[in-house]
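Just so it is clear, none of the values below were taken in a lab; they were calculated from the coordinates. For clarity, every value in this text was computed on a predicted model and none was experimentally measured. For neighbour counting, all protein chains shown are included, and Cβ atoms are generated from backbone atoms with ideal geometry for every residue, glycine included.
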Amino acid sequence: MDDNYKINDEKFKKLVIPMTLEERNSLEKFKDALDEDDDCNYDSDIHSDGLLLRFLRARKLVLKDVIKMFKDYLKFFEDYKVEQLYKV
């Protein structure tokens, strides 16, 4: 992915996102699963905890469903070359 989309602001990276303990635990499991998946283009510099938390909440913390949804999201961005729209 293009470096222009990476989160470079240290203040933004340390932003406190309100979440329950269950959401925090699920977020860590989700990030671990994405890190272990070789087929996934997950990049912690691009995909913030806030973004990942939205996926978790949308699928009511069911990790299997969350991972599928996130992979579909990444595939959509790749298939439709969404990054190129930002370069115009």
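Quick look at the values:
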read-out	value
Principal axis dimensions, the range 3-87 - Cα atoms, whole angstrom, descending	38, 30, 22
Given K60/K81; K29/K60; K29/K75; K31/K87; K31/K75; K29/K87, the pairs whose alpha carbons are separated by over 25 Å	K60/K81; K31/K87; K29/K87
Debye, to nearest 20: dipole size of the range 3-87, +1 on Lys, Arg Cβ, -1 on Asp, Glu Cβ	480
